[in-house]
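Structure first, then comments.
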Amino acid sequence: MSRIRERNRALILRAASEEFADKGFAACKTSDIAAKAGVPKPNVYYYFKSKENLYREVLESIIEPLLQASAPFNKPGKPADVLRAYIRSKIRISRELPSASKVFASEIMHGAPQLSAEQTSQLNTQAKHNIACLQGWIDQGLMAKVDPHHLMFSIWAATQTYADFDWQISTVTGKASLDEADYEAAAQTIIRMVIKGCEIAEDPAQSSEQVKLNVQ
């Protein structure tokens, strides 16, 4: 029974992510979520009690991956390695959780009314820690004297765009949807701009990323 419960919750949560991303919270109907998930409408209320709770669960489903993406900043590491891992994690979130990413972005643009105080604190604390790491590297002369806040904002924007503006990107590239090679090229391009732009020294072994990018 628990396996069926987990399956139904996952189906509803995925459908809700897509519906909230497409229509927004106010216009989204639980009947549409149920239909997309392939379950009876009462199941939505059975598992999540209300549309508000379901929306909060969608937000929760993206917050944990966002916090985990910052894991490279939480242990000692070289600037190039940390930033490379962080950018790749953020691109992976945009690829694997595009709908939840859109819901999160919309929530932030509206002043984060549904984020709990704990979630807001976690996100802000982690962001400040990441920025402090950047400032520390700047102070040590390991990277150029850029504004660490705006560097972080730029990385957020560059990686998040592959979720928020996937339709536009697909249209411009002439593809129905982006494939693995597209996301790999995106990650390498952003990594190269950040590392080269911030004048960060790299290990020779990492030059293979640049070679792959030049070949494409």
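Quick look at the numbers
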| quantity | calculated |
| --- | --- |
| Odd one out for Glu57, checked against (1) in contact (Cβ under 8 Å) with a residue 12 or more places away in the chain; (2) more than 26 Å from His110 (Cβ to Cβ) | (2) |
| Filtered residues of the range 132-162 (kept if assigned to a loop (DSSP other than H, G, I, E, B) and either aliphatic (A, V, I, L, M) or touching a residue at least 24 places away in the same chain (Cβ under 8 Å) (or both)) | Leu142, Met143, Ala144, Val146 |
| Contacts under 8 angstrom Cβ, first residue in the range 172-185 being among the small types (Gly, Ala, Ser), partner in a loop (DSSP other than H, G, I, E, B), 6 or more apart | Ala181/Gln216; Ala185/Gln216 |
| Flag if Ser89 is under 20 Å from the mean Cα position of the chain (by Cα) and surrounded by 18 or more Cβ atoms within 10 Å (Cβ to Cβ) | yes |
| Residues located in the range 85-100, provided they are among the aliphatic types (A, V, I, L, M), touching a residue at least 24 places away in the same chain (Cβ under 8 Å) and part of a helix (DSSP H, G or I) | Ile87, Ile91, Ile93, Ala100 |
| Test: residue in the range 154-167 that is closer than 17 Å to Ile200 by Cα and small (Gly, Ala, Ser) | yes |
| Lone qualifier among Lys36, Lys29, Lys51 - being within 17 Å of Gln114 (Cα to Cα) and basic (Lys, Arg) | Lys51 |
| Residues satisfying the stated conditions in the range 157-203, i.e. of a type in the set (Phe, Trp, Tyr) and exposed (fewer than 15 other Cβ atoms within 10 Å of the Cβ) | Phe165, Trp167 |
| Filter result for Ser106 (touching a residue at least 12 places away in the same chain (Cβ under 8 Å) and surrounded by fewer than 16 Cβ atoms within 10 Å (Cβ to Cβ)) | yes |
| Only listed residue being surrounded by fewer than 16 Cβ atoms within 10 Å (Cβ to Cβ) and over 30 Å from Cys28 (Cβ atoms), chosen from Gln140, Gln114 | Gln140 |
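No value in this document is a laboratory result; all are computed from the given coordinates. Quantities reported herein were computed from a predicted structural model and do not represent experimental measurements. All Cβ positions, glycine included, derive from the backbone under ideal geometry; neighbour counts span all protein chains shown.
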